[in-house]
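Rule-based calculations on the coordinates, nothing more; no lab input. In this text, all values refer to a predicted model and were calculated from it rather than measured experimentally. Glycine gets a Cβ as well: all are built from the backbone with ideal geometry, and neighbour counts include every protein chain shown.
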């Protein structure tokens with residue numbers, strides 16, 4: 001694969017010093033690639049030398065859950081969707097990588113990995129080709145229980161058409177606080193365990209395999225089975241170090257209780 005066939009979509013708020021270094025690193029490692037910055041109106045991009053900079057209107061945070069103290073817990077699912085899809089729609093190459101603006105990619109390893117696992121079962125192949133994904137916060141177990149469709153939303157590389165199948169989805173609405181549940185951790189599917197952002201994104205991408213809405217973090221047997229089938233036939237999940245993905249210290253993960261994350265070795269075997 002030629003570097004000229006790849007566009008990097010760097011999405012999200014500009015991270016001072018990090019985003020500009022990320023662009024410089026990509027120029028060095030992938031000479032000839034295209035780089036699109038998809039960020040928000042008012043962001044400072046003065047020192048960033050991208051091929052295209054898109055200034056999106058910020059849709060704001062979204063609230064799915066209220067804490068036991070009745071405080072809203074904001075998440076950025078709509079922000080991720082808007083900035084990612086806006087960038088992908090401007091891509092002219094066949095292949096693209098979705099990269100957070102506070103992450104830096106230091107290797108070309110994704111290209112080798114993309115070609116490494118051609119065999120798939122047609123009835124579970126929802127994408128044209130696999131997507132290479134990081135394993136940052138890709139939970140396999142939580143407190144010893146399976147967590148279906150919890151794949152990472154940090155980084156993906158593959159065909160633009162496939163990336164849009166994952167990210168070009170509906171915007172999510174806020175959950176309305178229910179006074180009757182005051183003092184409880186409440187959400188749309190209370191009293192079940194609340195479904196995470198990553199699970200919403202990836203279960204939507206796998207909706208032909210799992211057409212039902214995921215209503216519990218741990219799902220049911222069918223959800224867990226189809227999550228595995230989707231992963232094995234549509235993704236290549238890679239440890240951050242193997243991929244060469246550098247993240248801020250606050251986002252670095254340690255593999256241990258209560259969470260067990262999917263690893264590259266675990267994916268292979």
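Numbers below:
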read-out	value
Percent of beta bridges antiparallel (DSSP, the range 3-268, rounded to nearest 5)	50 percent
Cβ-based exposure ranking for 110, 126, 1, 231, in which fewest neighbours within 10 Å come first	1, 126, 231, 110
Separation in nanometres of the label points that stand 7 Å from Cα toward Cβ, at residue 47 and residue 190	4.6 nm
Descending Cα extents along the principal axes, the range 3-268, whole Å	56, 45, 32
Likely footprinting exposure, 177, 155, 267, fewest C-beta neighbours within 10 Å first	177, 267, 155
Rounded FRET efficiency, nearest 0.05, which uses the C-beta distance separating residue 58 from residue 107 and R0 of 35 Å	0.65
Taking 71, 162, 193 and counting other C-beta atoms within 10 Å, the order from fewest to most	71, 193, 162
Most mobile listed residue (80, 225, 46) in the chain, GNM with C-alpha springs under 10 Å	46
Rounded if a/c under 1.5, otherwise prolate or oblate - the range 117-186, Cα gyration tensor axes	prolate
Rg(Cα)/(2.2 N^0.38 Å) for the range 137-269, N = residue count	1.12
Theoretical gain in end-to-end length, residue 3 to residue 67 [0.36 nm per residue, Cα-Cα removed]	18.4 nm
Potential lengthening between residue 207 and residue 93 on full extension [0.36 nm per residue; Cα-Cα distance subtracted]	38.4 nm
